[in-house]
Amino acid sequence: MKKIVVLTGAGISAESGIATFRDANGLWEGHDVMEVATPEGWQANPALVLEFYNQRRKNGLEAQPNAGHLALVELEKHFEVEIITQNVDNLHEKAGSSNIIHLHGEIFKSRSTIDSGLIYDIEGWELNMEDTCEKGSQLRPHIVWFGEDVPMIEVAVEKIADADAVLIIGTSLAVYPAAGLVGYAPSDCPVYLIDPNANDLTVIRDNVHKIAEKGSVGVPKVVEELISNKN
Ligand code: APR
């Protein structure tokens, strides 16, 4: 069965009511990224960081997958699909996709600050000071902050290096190492870029099919095309 690797970013969740990072009114508005999404910010003011992610989580609880997420579930009926997401929301899971790699962590999980192998589900939306792991250490959001390693990048590289087709959806490709992943796709493998801001100046590599549409429109279109050209 052909393998399709899908790289998603904040744009696929925009129509589910989750703000993107680099558009106007982005998520960081009112917050200095360095304060809420770096190890230094955490050291300086963990309560502020916890509160920031609590608010994101509260919004995320209400969010529902949109037609873009759902089209990727349909794709699984016809291809082997691997989703590599930069998103920390759980909308691919809620939609029903099976294989999801979270490059930047998951907002509905917490992690021990002394043992990174201790990861827990968060029920509801709150993670607070004094919430501890089983070893007694403060819990932090299970998020990859700026300046931290991206442990899932190696498995993501392996997946994309083996792809028969690649879909890139709703990402500005501004943040590495995620942005470099497409460079590992086989040179003859078709790449589809679905993003309302995709234009002639968007250069990723040769032979990229650019679909300048919102995810809810562009993803179902490409999925339909892939399915009808399957044989
Ligand atoms: N459908 C599809 N794409 C959209 C939509 C939509 N409805 N609305 C906006 N977009 C596109 C924008 O054109 C932009 O290219 O989504 C992209 C969002 O880019 P960013 O905000 O930079 O988000 P992302 O690429 O996911 O950011 C990468 O940076 O801040 C860190 O760790 C964070 O995972 C995040 C990473």
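If the condition is being surrounded by fewer than 19 Cβ atoms within 10 Å (Cβ to Cβ), within 15 Å of the ligand (Cβ to nearest atom) and not hydroxyl-bearing (S, T, Y), then the range 174-197 contributes A174, V175, P177, A179, G180, P196, N197.
Let's see how each residue does on (1) outside any helix (DSSP H, G or I); (2) in the same structural domain as I204 (by TED's automatic domain parsing); (3) more than 9 Å from the ligand (Cβ to nearest atom); (4) at pLDDT below 90:
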position: I4; (1), (2), (3), (4): yes, yes, yes, no
position: L7; (1), (2), (3), (4): yes, yes, yes, no
position: G30; (1), (2), (3), (4): yes, no, yes, yes
position: M34; (1), (2), (3), (4): no, no, yes, yes
position: W42; (1), (2), (3), (4): no, no, yes, no
position: L48; (1), (2), (3), (4): no, no, yes, no
position: F52; (1), (2), (3), (4): no, no, yes, no
position: R57; (1), (2), (3), (4): no, no, yes, no
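For A212, the stated conditions hold: it is touching a residue at least 12 places away in the same chain (Cβ under 8 Å) and within 15 Å of the ligand (Cβ to nearest atom).
All conditions but one from (1) within 16 Å of the ligand (Cβ to nearest atom); (2) open to solvent by 50 Å² or more (accessible area, probe 1.4 Å) apply to K135; the one that does not is (1).
Table: residues versus (1) farther than 22 Å from I227 by Cβ; (2) of a type in the set (F, W, Y).
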{"position": "V49", "(1), (2)": "yes, no"}
{"position": "F52", "(1), (2)": "yes, yes"}
{"position": "S97", "(1), (2)": "no, no"}
{"position": "F108", "(1), (2)": "yes, yes"}
{"position": "G117", "(1), (2)": "yes, no"}
{"position": "D121", "(1), (2)": "yes, no"}
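For the range 149-168, filtering for residues that are within 15 Å of the ligand (Cβ to nearest atom), over 19 Å from E224 (Cβ atoms) and either basic (K, R) or in contact (Cβ under 8 Å) with a residue 12 or more places away in the chain (or both) leaves 4.
For the range 52-59, the condition of being of a type in the set (S, T, Y) and more than 15 Å from the chain's Cα centre (by Cα) holds for at least one residue.
Please work out if K94 is at pLDDT 95 or above, away from the ligand (no atom under 13 Å from the Cβ) and not in a helix (DSSP H, G or I). No: the conditions fail for K94.
Across the range 169-196, the number of residues qualifying as touching a residue at least 24 places away in the same chain (Cβ under 8 Å) and either assigned to a loop (DSSP other than H, G, I, E, B) or within 19 Å of H102 (Cα to Cα) (or both) comes to 18.
Could we say that V81 is among the hydrophobic types (A, V, I, L, M, F, W, C), assigned by TED's automatic domain parsing to the domain that holds G215, away from the ligand (no atom under 14 Å from the Cβ) and assigned to a strand (DSSP E or B) here? So V81 passes the test. Of the residues I122, I114, the single one that is open to solvent by 30 Å² or more (accessible area, probe 1.4 Å) and at pLDDT 95 or above is I114.
The values are calculated or read from the model by the stated rules, or taken from the named source; none is laboratory data. Only a predicted model underlies this, so the values are computations on that prediction, with no experimental measurement involved. Cβ sites come from the backbone with ideal geometry, for glycine too, and all protein chains shown count toward neighbours. We work out accessible area using only protein heavy atoms, side chains counted, and drop any ligands, DNA or RNA first. Shrake-Rupley method; radii C 1.70, N 1.55, O 1.52, S 1.80 Å.
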